[in-house]
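> Submitted below is the structure of interest, expressed as structure tokens.
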Amino acid sequence: MTSGTTDVVLDVAGAVRCYPDGDLTIRAVDGVDLTVSVGELVAVMGPSGSGKSSLLRLAGGLDLPDSGTVVVDGLDLGTCSAAALARMRRRSAGYVFQELNLIKTLSLAENVALPLELDGVPVREAMSIARAALSDLDLIGAERRRPDQVSGGERQRAAIARALVGERRLILADEPTGSLDSPTGEDIMKRLRERVDAGAGAVVVTHDHRHAAWADTVVFLRDGRVVDRSTTNGSAA
Amino acid sequence: MSGSWRVALRLAWRDLTSHRLRTALTASLIGLPVLFAGVFTAFGLGANDLSFAVAAYIPIALLIVLLAVPAFGVTVRSRRDQLELLESTGGTPTDARRTITAMGLVTGAVGVAGGLVLAVPGWIALTAVINRLDPEQRTVLRFSDLALWPLLALMALGASVAAAVVTASTLHAQSDGGDTPPSLTWLAVGGGLLIVGLLGILSLRADSPLIAPWATVLALGAVLIVPSLVHLVGRAAGVLPLAARLSARDADRHRMRTAPAIAAVMVGVAAVTALGIGSFSDNHDRRAESQIYQVPVGAVSVYSNSGAEMADAVAASAANDVTIVPLATPADNQYVSVEFPSDFDQMPQDQARFDVVVADAETLAAWGVRLSDDAVAALEEGKALAGPTVAVNGGQVRASLESTDTNETGTNLAIPAVSADVKKEPVSTGVRGQLARLVIPPILADSLGLTTEARLAVADRREPAPTDQQVAQLQKLPGISVDIQTEDRFASYRLIFVLLTLLGVGIVGLATATAVALARVDGREDADTLISVGARPSTARWTAATSALLISGLGSVLGVAVGLLPGIRAASALTGGFGERFADIPWALLGVVGVAIPLLVAMIAFVTAPIRPGEAAPSLR
């Protein structure tokens, strides 16, 4: 399958991913089907160990399924080269890690500009776009600071800005509001919603039902399987 | 043993055994210098050289500290949660520090034991190689040569514990790094030591043995300024391409890890540089000295007390299938003074073994002198051959013939002569030296009234060298002595030095690669983040390569720079036997340690760099 413009930005079909756990093998993701289209925000919920993060890693091409397929923006990740996967992560899918994973030696603006710079955008232009993205998330004045020089909330917003920057059509966020207070968390979800409405699809892993209320679809996982799906009005505000 | 130490040792042991790869890398950083020092001192020192051994082991201990501090830092950062857990369950900060110190003790013991165990086969193998390549060395294995190893083990173990104590005492700084600039005080102290070391070395007399202490001061100064250099590179990184920028900033931010690693590579390379220059120059000097001052002859020389005994020896050796060719010189009661050219003082030094010899072309050939056709013709015409230190004017050489038996004024001679190259060929490769200033053919010697005597002969150089049995037969003859002159095989430590230098190069290479590997272990989360946000495989590879190049390249270049001056001065102290002091700089060796090893390490880092998410840090969440 080749890359192309379509409304479906993520199509996970029958994905299975197993991990060794001592003498046992854990089926972290066990035959999951999930489709996300442009304009759709999907919240993934479930108890700890239910496979939420594993599913997100498959969607982001950070891991590959043992069986089944994962297609991002028309690209079958199972058949891609490392270079093609990297290109997908730069251009198609932005990822917000649970641990944020900002590079500590770079300023917030440099972190946000990283995917653009890696994609060949000139440094000046990439930094300009990054500063605008940070400004959108109310991080004016913090651009030059490094991750350990700002608060946890600011780090979180910078990580989200890095995932949103550019023309990506798929946002994957693993508990993006995990370390934020309620108002800030709500604000983050609102901005994600806005980005989705502007022409992207998103999958957000969360434990918080209030945040899940921003989603169009809520998927419940248990033991690696989808046990329930529900739709909401996608507007918690 | 207190309960605190018991717990510390148990925790340290468990941690080290459950992370075997990291433990092995750290232990090898301690073991490699021990391996080198063990093999080196087994050849270079005996049990009586205690003071020299201590002086030799101090740089080794410094190297171990520099290599081990970043390695322990990596361990501590990766086990920080465990150490915090220790404190949260009632332990004190002292308990945490003791755990790290215990890690140093246990890792050091493993590294030292491993280094010395490997040094035994290294010592045996090196001995075998030396004896195979150069039987003249007749190197023997004596266990007494290992008498200093316990001292080496103690100093290395002490260095390992010291490195752990340094790491433990900077526990708070072993975090994720920071933007704090390096201490200006240490920079000033380092700069001061660097200048003092330089001035100290430059102020030494050429033959002074005090180079090592001043070189240590110089190296210590360089070690102290390395963090500032790393900081400078990090600050200037903004203009670099992304991969280099990330590497430079990462190195700056984690100076606790990178600066000691760079300093360790620097010290190792500096030692190899100085050792290389010193040993290659010494070898060159000894070779030149041997060629010039020892009898410039073939493989076997025969001396006799009189011409008659030499004649008997020639006859006896012929019966023994050995051709002995005597060389005639003016008799003891005659002295031939040959005029020097006017520009003799400005001439390059090229001392001849003999002043005047009487020989024909055949004799000269047997002695290893290759004459041109013109020179052979001149001898056959009854003309003398004049070397460069003889004035030839109008086809004649002016000389005076004096009798040492009388007080009469010497007879002036006008000897027909031509200028010619009368250098003898070395037995194998080496310097061609002048056989004599003036070669007079026998027929001309007779006409000049010159009486000669031959008390020195060589086995004909054009024939196979005499066997040991034939030499033994010669030695039984009355009134003569036999000397086996092997011009290119003089008794020197060349082979040992060269092999030890190569061993040093190998160890520097391994230590560099290990330091780089540990740095990669430490920085794997950032590496994985880079990949996960879309870095091309090539970008990930270049980032890994530039990180490796920064540590190995900066360390190696600084090492060559730091080792150059002490090496040159050491060479001046070791050379001069021939007259002129000089330094023979082994550029190929410096190229290997200064350029090839860093590039090789960077290339390995490039090829083995993780390019897929999870390869660098499987636990990235």
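The values are calculated or read from the model by the stated rules, or taken from the named source; none is laboratory data. Everything numeric here is computed off the predicted structure, so don't read it as measured data. Virtual Cβ from ideal backbone geometry, glycine too; neighbours counted across all protein chains shown.
> What about residue B:318, is it modelled with pLDDT of 85 or more and of a type in the set (Gly, Ala, Ser)?
yes
> Scan the range B:567-579 and give yes if some residue there is within 14 Å of chain A (Cβ to nearest Cβ) and either of a type in the set (A, V, I, L, M) or within 34 Å of the chain's Cα centre (by Cα) (or both), otherwise no.
No, that holds for no residue.
> Checking residue A:132 against (1) surrounded by fewer than 17 Cβ atoms within 10 Å (Cβ to Cβ); (2) out of contact with any helix residue (DSSP H, G or I) (no Cβ under 7 Å at 6 or more places or on another chain); (3) closer than 20 Å to residue B:532 by Cβ; (4) without any contact (Cβ under 8 Å) to a residue 60 or more places away in the chain, which test does it fail?
Failed condition: (3).
> Also, quick follow-up: Output the residues belonging to the range A:144-163 that are more than 14 Å from chain B (Cβ to nearest Cβ) and without any contact (Cβ under 8 Å) to a residue 40 or more places away in the chain.
Once the filter is applied, which keeps residues that are more than 14 Å from chain B (Cβ to nearest Cβ) and without any contact (Cβ under 8 Å) to a residue 40 or more places away in the chain, the range A:144-163 yields A:151, A:152, A:153, A:157.
> Another question, if that's okay. Take residue A:229 and tell me if it is under 20 Å from residue A:72 (Cα atoms) and either touching a strand residue (DSSP E or B) at 6+ places or on another chain (Cβ under 7 Å) or outside any helix (DSSP H, G or I) (or both).
For residue A:229, the condition - under 20 Å from residue A:72 (Cα atoms) and either touching a strand residue (DSSP E or B) at 6+ places or on another chain (Cβ under 7 Å) or outside any helix (DSSP H, G or I) (or both) - is not met.
> Do we find a residue being within 14 Å of chain B (Cβ to nearest Cβ) and part of a loop (DSSP other than H, G, I, E, B) anywhere in the range A:35-46?
Checked against the condition, which is being within 14 Å of chain B (Cβ to nearest Cβ) and part of a loop (DSSP other than H, G, I, E, B), the range A:35-46 yields no hits at all.
> Sticking with this one: Examine the range A:191-212 for a residue that is in contact with a Phe, Trp or Tyr (Cβ under 7 Å, 6 or more places away or on another chain), within 14 Å of another protein chain (Cβ to nearest Cβ) and either crowded, with 20+ Cβ neighbours inside 10 Å or at pLDDT below 90 (or both), and state whether such a residue exists.
Checked the range A:191-212: no residue is in contact with a Phe, Trp or Tyr (Cβ under 7 Å, 6 or more places away or on another chain), within 14 Å of another protein chain (Cβ to nearest Cβ) and either crowded, with 20+ Cβ neighbours inside 10 Å or at pLDDT below 90 (or both).
> Let me ask something else about it. What number of residues within the range A:213-229 are of a type in the set (Phe, Trp, Tyr) and buried (at least 23 other Cβ atoms within 10 Å of the Cβ)?
So the count comes out to 1.
> I need the full set of residues from the range B:433-467 which are within 46 Å of the chain's Cα centre (by Cα), closer than 21 Å to residue B:404 by Cα and either part of a loop (DSSP other than H, G, I, E, B) or of a type in the set (Asp, Glu) (or both), in order please.
The answer is B:453, and nothing else.
> A follow-up question, please. Taking the condition at pLDDT below 85 and crowded, with 17+ Cβ neighbours inside 10 Å, does residue B:352 pass?
When the stated conditions are applied, residue B:352 passes them.
> What residue, of A:12, A:16, is of a type in the set (A, V, I, L, M) and buried (at least 21 other Cβ atoms within 10 Å of the Cβ)?
A:12
> When you look at residue B:532, is it in contact with a strand residue (DSSP E or B) (Cβ under 9 Å, 6 or more places away or on another chain), modelled with pLDDT of 70 or more, in the same structural domain as residue B:324 (by TED's automatic domain parsing) and more than 30 Å from residue B:281 (Cα to Cα), yes or no?
When the stated conditions are applied, residue B:532 does not pass them.
> If you take the residues of the range A:47-76 that are in contact with a Ser or Thr (Cβ under 8 Å, 6 or more places away or on another chain) and farther than 20 Å from residue B:537 by Cα, which of them is farthest from the other protein chains (Cβ to nearest Cβ)?
A:74
> What about residue B:442, is it modelled with pLDDT of 85 or more and away from chain A (no Cβ under 14 Å)?
Yes, satisfied.
> Applying the selection to the range A:148-192, what residues are touching a Ser or Thr at 6+ places or on another chain (Cβ under 7 Å) and among the basic types (Lys, Arg)?
A:168, A:169
> Can you name every residue in the range B:569-585 that is surrounded by 21 or more Cβ atoms within 10 Å (Cβ to Cβ) and at pLDDT 80 or above?
Selection gives B:569 alone.
> Also, I was wondering about something else. Listed residues B:595, B:601; which is at pLDDT 85 or above, more than 14 Å from every other protein chain (Cβ to nearest Cβ) and surrounded by fewer than 17 Cβ atoms within 10 Å (Cβ to Cβ)?
B:595
> On to the next question. Name the helices (runs of 4 or more DSSP H) wholly inside the range A:77-143 in which the number of residues that are more than 8 Å from chain B (Cβ to nearest Cβ) is 2 or more.
Hits in the range A:77-143: A:108-118, A:123-136.
Yes/no per residue for (1) more than 19 Å from the chain's Cα centre (by Cα); (2) of a type outside the set (Ser, Thr, Tyr):
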{"residue": "A:36", "(1), (2)": "no, yes"}
{"residue": "A:41", "(1), (2)": "no, yes"}
{"residue": "A:51", "(1), (2)": "no, yes"}
{"residue": "A:65", "(1), (2)": "no, yes"}
{"residue": "A:79", "(1), (2)": "yes, no"}
{"residue": "A:106", "(1), (2)": "yes, yes"}
